[in-house]
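Read-outs throughout are calculated quantities, based only on the coordinates presented, and are distinct from any laboratory measurement. No experiment lies behind these values; they were computed from the predicted model shown. Heads up, the Cβs are rebuilt from the backbone with ideal geometry, glycines too, and the neighbour counts pull from every protein chain shown.
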Amino acid sequence: MELAKLLDIHPGVTAVIGGGGKTTLLRTLGEELAERNRVLLCTTTKIFPFPGLPCAMTAEELNSLRREHRLLCAGISVPGTGKLTAPPAAMAELAAWFDYVLVEADGSAQRPFKAHAPHEPVIPAESTQVICVVGASGFGRPVTESAHRPELYARLAGVSVEDAVTPETEAAVLQAEGLHHRIYVNQVETRQDLAAAEALAALLDCPVLAGSLHRREYFICS
């Protein structure tokens, strides 16, 4: 089954938060959905442009490219960084132009886990679903190595920054923040990784999907 169906991605705006593969998840979902729909990939924070995809950096480019391509990204260039910030059009307008708008709504400094500061995540008001990505590669590693904003993460979990992240630790942070509708556990490459994802799912009351984006293998945990 396609990942978009497993995650129940429906038309409109979907926000993706967390760590451990958000950008790859957007690209994977975008390529699936664009086979039959018009799809936009964008951010409310900062991301690098998606390699090989047309990218609109102005309202004029966006209006032109959306008529020519089923899948594209959009964002205003951030000088000196090579990154893009929010698109050059209002989210409500984007939702009217595209069947699906997939939004990366926070950053994680390439860490598999994430705790959110008060100003994060930047979830569009138009979003109908928030998917939180968790990186299985961080289980068993100290909070200070595997979590973005480790001090905040440790405080929410009730542990030390030197303690190893466990499914219980991650569940405590996810429940304390309460930002998601469903969880996708990425980087599941071994039986041990899958066991950790299943243990996490058993502690949560939302749908949890696990898998490996680069292998395109997925497992329903709850």
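Taking the number of other C-beta atoms within 10 Å as the exposure measure, put Lys5, Lys114 in order starting with the fewest.
If I rank by nearby Cβ atoms, fewest first, I get Lys5, Lys114.
Between the alpha-carbon centers of the stretch 118-143 and the stretch 17-57, tell me the distance in whole angstrom.
First find each Cα centre; the distance between them is then 16 Å.
Name the residue from Gly19, Ala115, Leu179 whose Cα lies farthest towards the positive end of the charge dipole of the chain, charges +1 on Cβ of Lys and Arg and -1 on Cβ of Asp and Glu.
Gly19
Using the Cα centre of the chain as the reference point, and only Cβ charges (+1 on K/R, -1 on D/E), how large is the resulting charge dipole? Debye, rounded to the nearest 20.
The calculated dipole for the chain is roughly 380 debye.
Can you list the residues, at least 5 places off or on another chain, whose amide H is less than 5 Å from the amide H of Phe48, using H built in the peptide plane?
It is Leu84, by chain and number.
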